[in-house]
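Read the structure below first, then the notes.
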Amino acid sequence: MSKEVVKKRVRRVKKEDISHKENKHKEKSIHHKEHQKISRDDAPQPKHRDKEKEKRTEWILRIIMAVLGLVILLIGIYICVSHFSTSNKIVKKLAEGNAYLDNQEYENAIEIYKEALELNPDSTEIKNHISNVYIMIAQTLGETDEAIDVYQTALAYNIGNVSAYWGVANIFEGRGDEANMMSALTTGYTNTGDVNIGAKLDAIQAEKDRIQAEADALAAEQAAEEAERAAQEEANNQLLQPLLELFEQEDMDGVKDLIRGEAYVTMSDELINAEDVYYCGEKDADGNKSGKGVGAYANGYYYYGDYAGNMRSGSGIWVRAVYSESSSIGSYIFKGAWSDDKPNGTGEATSNFYKDKIGSTGLVKQVITGSYSNGLEEGKMSMTGTTKAGKTLKYAYETSGGVAKKISNEKTGVEGQYYIGKTSSSSDPMLMSDDSPRGVEGFIE
């Protein structure tokens, strides 16, 4: 074996020995360190260790908060981007709708506004736009039911649209439908509190109160008048009842004497108009004068006979027995047919005169018979007169509309008078008249 080979082997052995020693040294060192570590773990820990843990925890929390903040920021950015994107679409839609509105293309404007509302269903602004356009449409429809429906549609989008309530109320007011007008205004005021609607309601109520006050006052006045009338009627009945009995007994002299009494004259003087009457007699279930009765009328006239529907109708007697002191007539009695509250049909009118107040050729009594139309003589008439000397004169004449026809152009010697009838004797005076109406007293104008 050569020297070189030997040397190499020696060197290798040395290396292995050195390596073994180093390994043993390392094991001892590691064992020593582990022993020291165990010793340290068993020993009390220093306070700076707790602080380090707190710092680590704090940093962890900061990291978590930073992450959460970032997440929130990203969400916010997303929402903002989404919002502004929708807002831009709405703005464009509103601008497009406004353009249609400017051109009075109301239906197109509403369609576009509704598209904008779909993008933001809770938008009060868009709903108000739609509501106002419906108001404009309704105002073009006049006072129609269709206009009312459109106003109601406007309120569906904006219940506080004052113009809609006014529109509906004005339509009903124009129709004279106060109930629905008040309903529209009241609902409008409840939903809006609009001062003008409130003022309108106050004005209407004030007018109603005024009318009601007037009605109450009138009712009170009428009640007082009715009470007075009832009291007057009772008092009059006490006067008229004896008169009624005399008529029923056909005691005309007793009738004339009674109505010349002061109480009857006063009662008649209270009656002013021709249609005024104090009545005593039969009435129907409704309180209307119906059947037999006696009535006091103006100017001292009294009627006894048939009534129907508050009017003189049937057979009746019309009498007057009080005249002025200067008058020559003492009494007037008409007996005949009545209808429509006037003499209509055949009848007989008797006039009695005071002998001491007529001339030598005058008549103390005259009886005219014939037909009457609304109180005026009509057609062929006859008159029987009695002179102061007791002579009876009979005349026949003819009338038309109450005016007697002339039978001769011979002069009467009295201005305005002409001859209308004569007796069978040429020695008797002829009957004269003028062109004034002839008829039943109290019905000649």
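List of remarks:
- Among residues of segment 119-143 that are within 30 Å of Gly176 (Cβ to Cβ) and in contact (Cβ under 8 Å) with a residue 12 or more places away in the chain, those with a Cβ under 9 angstrom from a residue that is open to solvent by 30 Å² or more (accessible area, probe 1.4 Å) and basic (Lys, Arg), sequence gap 6+ or separate chain, pair up as Glu143/Arg175.
- Cβ separations smaller than 7 Å between residues 6+ apart or across chains give the following pairs from segment 267-296 residues that are more than 19 Å from Arg320 (Cα to Cα) to residues that are β-branched (Val, Ile, Thr): Gly281/Val294.
- Identity of the residue in segment 161-186, open to solvent by 50 Å² or more (accessible area, probe 1.4 Å) and of a type in the set (A, V, I, L, M, F, W, C), that ends up farthest from Lys200 (Cα to Cα): Ala179
- Ala224 over 30 Å from Ile259 (Cα atoms), in a helix (DSSP H, G or I) and under 31 Å from the mean Cα position of the chain (by Cα): no
- Index of the failed condition, Ile444 passing every other in (1) among the hydrophobic types (A, V, I, L, M, F, W, C); (2) in contact (Cβ under 8 Å) with a residue 40 or more places away in the chain; (3) open to solvent by less than 50 Å² (accessible area, probe 1.4 Å); (4) within 19 Å of Asn374 (Cβ to Cβ): (3)
- Failed item, numbered, when Gly421 is tested on (1) surrounded by fewer than 18 Cβ atoms within 10 Å (Cβ to Cβ); (2) more than 17 Å from Gly347 (Cβ to Cβ): (1)
- Checking each residue in segment 369-414 for being of a type in the set (Val, Ile, Thr) and touching a residue at least 24 places away in the same chain (Cβ under 8 Å) picks out Thr387, Thr399, Val403.
- Asn299 over 30 Å from Asp428 (Cβ atoms) and assigned to a helix (DSSP H, G or I): yes
- Restricting segment 346-387 to residues that are open to solvent by less than 40 Å² (accessible area, probe 1.4 Å) and not in a strand (DSSP E or B), the residue that is nearest to Ser315 (Cα to Cα): Gly375
- Meets criteria (exposed (fewer than 12 other Cβ atoms within 10 Å of the Cβ), under 30 Å from Val319 (Cβ atoms) and polar (S, T, N, Q)) for Gln238: yes
- Condition met for Leu271 (open to solvent by less than 30 Å² (accessible area, probe 1.4 Å), in contact with a helix residue (DSSP H, G or I) (Cβ under 9 Å, 6 or more places away or on another chain), at negative phi and part of a loop (DSSP other than H, G, I, E, B)): yes
- Yes/no for Thr192 being touching a Gly at 6+ places or on another chain (Cβ under 7 Å), open to solvent by 40 Å² or more (accessible area, probe 1.4 Å) and either among the β-branched types (Val, Ile, Thr) or at positive phi (or both): yes
- Residues satisfying the stated conditions in segment 124-160, i.e. open to solvent by less than 60 Å² (accessible area, probe 1.4 Å) and not in a helix (DSSP H, G or I): Leu141, Gly142, Thr144, Asn158, Gly160
- Counted residues, segment 121-152 - those being under 26 Å from Thr86 (Cβ atoms) and among the polar types (S, T, N, Q): 5
- In segment 311-323, the residues that are in contact (Cβ under 8 Å) with a residue 60 or more places away in the chain and small (Gly, Ala, Ser) reach residues that are open to solvent by 40 Å² or more (accessible area, probe 1.4 Å) and not in a strand (DSSP E or B) with C-beta atoms within less than 7 angstrom, at least six apart or across chains, in these pairs: Ala321/Arg260.
- Positions within segment 83-129 being among the aromatic types (Phe, Trp, Tyr) and under 17 Å from Ala154 (Cα atoms), in sequence order: Tyr106, Tyr113
The values are calculated or read from the model by the stated rules, or taken from the named source; none is laboratory data. Computed from a predicted model, the values in this text were never measured in an experiment. So basically every Cβ, Gly included, is an ideal-geometry build from the backbone, and we count neighbours across all protein chains shown. Calculation scope for accessible area: heavy atoms of the full protein, side chains included, ligands and nucleic acids excluded. Shrake-Rupley method; radii C 1.70, N 1.55, O 1.52, S 1.80 Å.
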